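Undergrad: My questions will all concern the structure given below.
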Amino acid sequence: MKNGKFITLGIETSCDETAAAVVADGREILSNIINSQISIHTRFGGVVPEIASRRHLENINDVIQAAFDEADVSIEEIDLVGVTYGPGLVGALLIGVAAAKSIAFAADKPLVGVNHMHGHIAANYLEHHDLEPPFMSLVVSGGHTEIVNVPEYNSCEKIGGTRDDAAGEAFDKVARVIGLGYPGGPKVDKAAKEGDRDAIAFKRVWLEQGSYDFSFSGLKTQALNYLNSERQAGREIRVNDVAASFQEAIVEVISAKAVNAALEFGQDRIVMAGGVASNSRLRELISEKAAEHGIEVLRPSPLLCTDNGAMIAAAAYYAYRAGERSGYDLDAVPALEFN
């Protein structure tokens, strides 16, 4: 406790960001330190799990100390330690979990393991201080594309998810083939601004009527086949047009299904979360569709859309208030379900 505020340390190491943050009362960011490995993994066209784990091991102590220093908080003044324990890369998760358990044990503080996807949703509490459940959430990232009904702070009901490739994964793969590089999402978004979204007739995959699930594998294959046929025919690849058309085929389906879900469940707010939630066209289109039905769309700033410790601290705070506690036997769960 410091200045009468409940202080939470949040630790996040699920993929390739080593992150730690200090948050007061679940809403106020005192520090949010992120050490990204993007420059390291770019040369490989994607995240290499073994390299990511080693970098987390090298960086974790310095990142946590930096979070304490920036917040001007000592280990004795924290009230809770929150940490991502899944889903994610098992080696990466283990580094964060081990660090969190060590700090909780050494400082005699309670420990709460956080589902990474709950953390992404909780990022909105840091941005929108008056936000409270219930609401509909759209979680879109490199590994997830899910529509989640959130009736309470610590209750999430997944009503639709990806059956194969997530949106972020599809962006990464197509970006690599058209020469944009890694990470694909931001690069596709940037290129699409200069392209014609109607130039190429990529299919929209709606699945069976009434389904809130997603499938982008077939769309990705269609894009790759298009690129191969154009190259074999000796025609120039219009990168910006491909990016714009491919992006539109993805965000059109995501936006429509998210709005329909909100309408069906009687929610008047859609809360966006995850790295792909910073995609400018997705933000624009879902806002347009939602406004037609009087639905408000909220989203975090781009920094809070990425993996960060502050979102984990916020999620841990509300879990702790609901009575959740983790023991020192807390372990990494790489395939942790969204529940």
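Undergrad: Please list, ordered by first then second residue, the pairs with beta carbon atoms under 9 Å, 6 or more apart or interchain, first in the range 96-117 and farther than 13 Å from L80 by Cβ, second of a type in the set (S, T, N, Q) and in a helix (DSSP H, G or I).
TA: Short answer, once both residue conditions are applied: A99/N61.
Undergrad: Could you say whether any residue in the range 71-80 is under 24 Å from S301 (Cα atoms) and β-branched (V, I, T)?
TA: No, that holds for no residue.
Undergrad: When the residues of the range 165-208 are narrowed to those that are within 17 Å of the chain's Cα centre (by Cα) and among the acidic types (D, E), which ends up nearest to H120 (Cα to Cα)?
TA: Looking at the filtered set, the residue picked out is E169.
Undergrad: When you look at A201, is it of a type outside the set (V, I, T) and touching a Leu at 6+ places or on another chain (Cβ under 6 Å), yes or no?
TA: no
Undergrad: Same structure again: For A122, are the conditions met, namely being part of a helix (DSSP H, G or I), under 17 Å from the mean Cα position of the chain (by Cα) and modelled with pLDDT of 95 or more?
TA: It is true that A122 is part of a helix (DSSP H, G or I), under 17 Å from the mean Cα position of the chain (by Cα) and modelled with pLDDT of 95 or more.
Undergrad: Related question: Filter the range 305-339 for residues that are in a helix (DSSP H, G or I) and modelled with pLDDT under 95 and give the result.
TA: Matches in the range 305-339: C305 only.
Undergrad: Which residues, taken from the range 186-214, are among the hydrophobic types (A, V, I, L, M, F, W, C) and touching a Phe, Trp or Tyr at 6+ places or on another chain (Cβ under 9 Å)?
TA: Residues satisfying the conditions are V188, A192, I200, F202, V205, L207.
Undergrad: Can you tell me which residue in the range 143-164 is nearest to A335 (Cα to Cα), limited to those that are crowded, with 23+ Cβ neighbours inside 10 Å and not β-branched (V, I, T)?
TA: Here the answer is H144.
Undergrad: Are there any helices (runs of 4 or more DSSP H) wholly within the range 1-109 with 3 or more residues that are over 25 Å from H128 (Cα atoms) and aliphatic (A, V, I, L, M), and if so which?
TA: It comes to 49-71, 90-107.
The values are calculated or read from the model by the stated rules, or taken from the named source; none is laboratory data. Every value quoted in this text rests on a predicted model; they were computed, and no experiment measured them. Here the Cβ is made from the backbone with ideal geometry for all residues, glycine too, and neighbour counts use every protein chain on show.
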